[in-house]
Amino acid sequence: MKFDHPALVELLQRAYSAEKAAAFAYIGHAGSLNNREAKAAVKQIEDDEWGHRKNVLVIMQKYDIPISKYYEVKFHIIGRVISSSCYVIGWFMPYFFAGKLESGNVCEYFVMMHYFHSLGIRDHDEILYEMGMKEKDHEIYFLNQIRTSKLLPIFEKVFSWGKKSSLNDVDIENKYSVAKSQEYCKSYKAHTDKPLNTK
């Protein structure tokens, strides 16, 4: 089954490859850490990203969407570079930029849901919801690791993510159900860094 929705096709292709970049980055992040619990937590997040990649591929295959060679190469390189950099940029930045990345990934999955709904397709609501919420869990984990750092207010001001701003509107303490989750990320434009005010 094929459909005509270029934005959805591109978003799926990009997400599939970007999950590999994220997983590679977390390999380096975990390797750069000394604390066993922290290593295990980041390793689990890496495993989650590989799982998301598999889930996205299943969806792509159902609609005969090809893997983008361009995105595969691009994100492979990005992931490897980030992975290596974790060993030299200190402890704060890997946590900060991982949190910011995960924050944006949340809405990508809910935007996919919106796109599928526009085609009358609701078959993937549960898995997209699950992946979006898992990315939110990742965002919260990374933020909590740096919440008390004196660097956070500076980085938040420059990069528009932190304790007072997020790239999604998901409140993990008051989650919508799957049926109501189309309310998430209505104003989000895929691939932008426009923060949502969470004050």
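General observations
- Matching residues in region 125-154 - criterion: being hydroxyl-bearing (Ser, Thr, Tyr) and closer than 25 Å to GLU19 by Cα: TYR129, TYR141
- On inspection, LYS157 does not qualify as open to solvent by 20 Å² or more (accessible area, probe 1.4 Å), under 18 Å from ALA22 (Cβ atoms), basic (Lys, Arg) and modelled with pLDDT of 95 or more.
- Residue within region 104-116 that is assigned to a helix (DSSP H, G or I), among the hydroxyl-bearing types (Ser, Thr, Tyr) and under 18 Å from LYS20 (Cα atoms) present: yes
- Residues in region 44-61 that are touching a His at 6+ places or on another chain (Cβ under 9 Å) and of a type in the set (D, E, K, R) were compared, and the one that is least open to solvent (accessible area, probe 1.4 Å) is GLU49.
- Subset of region 13-40 (residues that are open to solvent by 30 Å² or more (accessible area, probe 1.4 Å) and farther than 17 Å from GLY132 by Cα): ILE27, GLY31, SER32, ASN34, ASN35, ARG36, GLU37, LYS39, ALA40
- Lone qualifier among TYR109, TYR70 - being surrounded by fewer than 14 Cβ atoms within 10 Å (Cβ to Cβ) and among the hydroxyl-bearing types (Ser, Thr, Tyr): TYR70
- Meets criteria (closer than 27 Å to VAL9 by Cβ, open to solvent by 20 Å² or more (accessible area, probe 1.4 Å), under 9 Å from the mean Cα position of the chain (by Cα) and of a type outside the set (D, E, K, R)) for LEU119: no
The values are calculated or read from the model by the stated rules, or taken from the named source; none is laboratory data. Bear in mind the structure is a predicted one, so any value in this text is a computation, not a measurement. Heads up, the Cβs are rebuilt from the backbone with ideal geometry, glycines too, and the neighbour counts pull from every protein chain shown. These area figures cover heavy atoms from the full protein model, side chains too; ligands, DNA and RNA do not enter into them. Shrake-Rupley method; radii C 1.70, N 1.55, O 1.52, S 1.80 Å.
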